[in-house]
Amino acid sequence: MANAELTQYLGRQTLLAGAVNSGKTTGTTAILEQFLAAGYAWEIAVLDLAPDPVRGIGGKLSFVKPPGLLYLTAQIAAPRLMGRDAAEIQELASANARNIENLFVELERQPRNILFLNDVTLYLQAGSLQRLLSVLQNSSTRIINAYYGDSFADSDLSRRERRLTEDLMAHSDTVTLL
């Protein structure tokens, strides 16, 4: 049974966006925990696309994973923090997109009505916005977080990420800038 706080998310796409360490992951976790407390675990899939922390940036969602919840993640690099030059940064971003594509395939095998997607920008750096939108349409309720800031140097990858994040914002019912 949906409580009043959850009705603002049900049947909608909500995007939390902000700079590094702005509270995107914390906010997403808080919403996820509300859904879990309300008994939705069997309807939820979590795609955790965040890298392990690098220099205090990044990190997976931290929550108790109850029975029934589908939690999918992969080894994800932090391209701009780990790459030595533009070519290596792009190579890492492309590898991330391929790893995330595998998660999309797994999600399509086990669809859920409610989707939480942590750090979608790791896919947008080298992945297809159309593919992402197609995956999102398989769930009626979507809570997504995305990096949206200027913490990183200007680059082709950063410009692409920002443009596609803005496109994703345009496809979202609610956008909260943190």
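Observations
- Of the residues making up the range 2-48, those that are surrounded by fewer than 17 Cβ atoms within 10 Å (Cβ to Cβ), over 23 Å from ALA74 (Cα atoms) and polar (S, T, N, Q) are ASN3, THR7, GLN8, GLN34.
- Close contacts from the range 60-88, counting a first residue that is under 16 Å from GLY39 (Cβ atoms) and in contact (Cβ under 8 Å) with a residue 40 or more places away in the chain and a second that is surrounded by fewer than 16 Cβ atoms within 10 Å (Cβ to Cβ) and among the polar types (S, T, N, Q), with Cβ to Cβ under 8 Å and a gap of 6+ residues or different chains, come to LEU70/GLN110.
- Within the range 148-172, being open to solvent by less than 90 Å² (accessible area, probe 1.4 Å) and either within 18 Å of THR14 (Cβ to Cβ) or among the hydroxyl-bearing types (Ser, Thr, Tyr) (or both) holds for TYR148, SER151, SER155, SER158, LEU164, THR165, GLU166, ASP167, LEU168, MET169, ALA170, SER172.
- Any chance ASN145 is crowded, with 21+ Cβ neighbours inside 10 Å, within 23 Å of GLY27 (Cα to Cα) and within 16 Å of the chain's Cα centre (by Cα): yes
- Any hit, the range 96-107, residues being among the acidic types (Asp, Glu) and open to solvent by 60 Å² or more (accessible area, probe 1.4 Å): no
- Taken as a whole, the structure places ARG162 among residues that are over 24 Å from ALA38 (Cβ atoms) and free of Cβ contacts under 8 Å to residues at least 24 places away in the same chain.
- Within the range 122-135, tally of residues that are buried (at least 19 other Cβ atoms within 10 Å of the Cβ) and either in a helix (DSSP H, G or I) or in contact (Cβ under 8 Å) with a residue 60 or more places away in the chain (or both): 5
- Selection status of ASP119, among the acidic types (Asp, Glu) and over 15 Å from the mean Cα position of the chain (by Cα): no
- Scanning the range 155-178 for residues that are touching a strand residue (DSSP E or B) at 6+ places or on another chain (Cβ under 6 Å) and not in a helix (DSSP H, G or I) yields SER172, ASP173, THR174, VAL175, THR176, LEU177, LEU178.
The values are calculated or read from the model by the stated rules, or taken from the named source; none is laboratory data. Note that this is a predicted model, so its numbers are computed, not measured. Counting neighbours? That spans all protein chains shown, and the Cβs are built from the backbone with ideal geometry, glycine included. These accessible areas exclude ligands, DNA and RNA; they are computed on the full protein's heavy atoms, side chains included. Shrake-Rupley method; radii C 1.70, N 1.55, O 1.52, S 1.80 Å.
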